[in-house]
Amino acid sequence: MAAADAVRVRIDYETASPSGEEIVKGHLLLDLHPSWAPFSCDRFLKMVDSGFLKEQRFCRAISGFVLDWNYGPCAGTAAAADTHSQLYSELPWAKPRELDATGALQKNLPGRISFGQEDDGSTKTEVFINLVDNSGRLDALGFVPFGEVVGATGPRLERWEGGQLGDFNFSFGDIFFEGGASEAKAKVRTNVLISGGNAYIDKTYPNLTRITSCERVGPP
């Protein structure tokens with residue numbers, strides 16, 4: 001049963017076929033739990049309410065690991081006049097310090113969503129959904145779940161096979177560390193993507209699964 005303070009968010013998405021001629025549509029339902037990680041919930045809901053997540057591409061989809069997205073504004077940080085680019089620039093890098101909060105810290109189990117972070121533990125907008133049990137790999141590094149997938153158009157989470165979601169585009173995998181790239185090279189690639197936004201993403205990684213809408217749909 002969902003916690004009394006939980007907030008439900010619906011993410012609608014679509015994936016184009018390699019030719020771009022066919023479109024598969026789907027949705028995810030997320031229950032966010034302030035009782036788990038209050039800072040993270042507040043930040044994510046701010047992005048939901050502002051429309052920041054709409055048109056985001058699931059740009060780092062790694063089978064057997066994570067579904068990772070929301071690195072920066074859709075228009076890219078180079079588009080300084082864009083409302084969401086301004087929000088991104090104004091949103092401070094922060095160390096959530098959920099360990100010092102009153103949240104009941106959770107493990108990075110399949111279906112749970114956490115914020116990504118830099119080497120120093122700071123975070124901005126990047127989030128990921130665990131596709132497998134990553135608790136042994138990520139918990140000790142300070143990645144704190146703040147919600148979980150509770151519904152989807154595809155099979156229920158516990159029956160996902162191979163750590164994938166069937167109607168998402170996983171063809172590009174880990175785009176930042178592709179080819180055994182170093183940490184420095186991956187950082188450069190990340191910064192290029194954040195600066196260029198969807199114009200760069202769609203040219204370099206065509207037909208990635210994209211978010212068509214994201215909104216609160218009330219408590220569970």
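Only one of the numbered conditions (1) touching a residue at least 12 places away in the same chain (Cβ under 8 Å); (2) closer than 23 Å to Thr212 by Cβ is violated by Lys95, and that is (2). Among the residues that make up the range 60-81, is at least one of them over 19 Å from Gly116 (Cβ atoms) and either in a helix (DSSP H, G or I) or among the basic types (Lys, Arg) (or both)? No; the residues of the range 60-81 include none that is over 19 Å from Gly116 (Cβ atoms) and either in a helix (DSSP H, G or I) or among the basic types (Lys, Arg) (or both).
Residues of the range 166-193 being in a helix (DSSP H, G or I), of a type outside the set (Gly, Ala, Ser) and farther than 15 Å from Ile62 by Cβ, which ones? Can you show your working first?
Taking the range 166-193 and keeping what is in a helix (DSSP H, G or I), we get 183-193.
Adding the requirement that they be of a type outside the set (Gly, Ala, Ser) leaves 183, 185, 187-193.
Glu183, Lys185, Lys187, Val188, Asn191, Val192, Leu193 - these are the residues of the range 166-193 that are in a helix (DSSP H, G or I), of a type outside the set (Gly, Ala, Ser) and farther than 15 Å from Ile62 by Cβ.
Scan the range 5-22 for residues that are in contact with a Ser or Thr (Cβ under 7 Å, 6 or more places away or on another chain) and at pLDDT 90 or above and the total you get is 4. If the condition is being closer than 20 Å to Glu215 by Cβ and of a type in the set (Gly, Ala, Ser), then the range 1-54 contributes Ala2, Ala6, Gly26, Ser40, Ser50, Gly51. Looking only at residues in the range 194-220 that are among the hydroxyl-bearing types (Ser, Thr, Tyr) and under 15 Å from the mean Cα position of the chain (by Cα), the one that is nearest to Gly173 (Cα to Cα) is Thr209. Quick check, is Ala104 closer than 28 Å to His27 by Cα, small (Gly, Ala, Ser) and modelled with pLDDT under 95? Against the criterion (closer than 28 Å to His27 by Cα, small (Gly, Ala, Ser) and modelled with pLDDT under 95), Ala104 qualifies. For the range 58-90, the set of residues classified as in contact with a helix residue (DSSP H, G or I) (Cβ under 9 Å, 6 or more places away or on another chain) and among the polar types (S, T, N, Q) consists of Asn70, Thr77, Thr83, Ser85, listed by residue number. Taking first residues from the range 193-220 that are in contact (Cβ under 8 Å) with a residue 24 or more places away in the chain and farther than 18 Å from Phe177 by Cα and partners that are part of a strand (DSSP E or B) and β-branched (Val, Ile, Thr), the Cβ contacts under 6 Å between residues at least 6 apart in sequence or on separate chains come to Thr209/Thr15; Ile211/Ile11; Cys214/Ile11; Arg216/Val9.
Of all the criteria given as (1) within 17 Å of Phe115 (Cβ to Cβ); (2) free of Cβ contacts under 8 Å to residues at least 40 places away in the same chain, the one not satisfied by Leu45 is (2).
If I filter the range 1-43 down to residues being among the acidic types (Asp, Glu) and assigned to a loop (DSSP other than H, G, I, E, B), which single residue comes out as surrounded by the fewest Cβ atoms within 10 Å (Cβ to Cβ)?
We begin by selecting, within the range 1-43, every residue among the acidic types (Asp, Glu); these are 5, 12, 14, 21-22, 31, 42.
Next, from what is left, pick out any that are assigned to a loop (DSSP other than H, G, I, E, B): 5, 21-22.
On the way: Asp5: 13, Glu21: 7, Glu22: 9.
Looking at the filtered set, the residue picked out is Glu21.
Annotation: of all residues in the range 44-56 being part of a helix (DSSP H, G or I), out of contact with any strand residue (DSSP E or B) (no Cβ under 6 Å at 6 or more places or on another chain) and not charged (D, E, K, R), the one that is nearest to Leu193 (Cα to Cα) is Met47. Residues of the range 194-220 that are in a helix (DSSP H, G or I) and either of a type outside the set (Gly, Ala, Ser) or in contact with a strand residue (DSSP E or B) (Cβ under 7 Å, 6 or more places away or on another chain) (or both): Ile194, Asn198, Tyr200, Ile201, Asp202, Lys203, Thr204. Taken over the range 57-74, the criterion of being out of contact with any strand residue (DSSP E or B) (no Cβ under 6 Å at 6 or more places or on another chain), crowded, with 20+ Cβ neighbours inside 10 Å and among the small types (Gly, Ala, Ser) is satisfied by Gly72 alone.
The values are calculated or read from the model by the stated rules, or taken from the named source; none is laboratory data. This structure is a prediction, so every number in the text was calculated from the model and none was measured. When we count neighbours, we look across all protein chains shown, and the Cβ atoms used for this are built from the backbone with ideal geometry, even at glycine.
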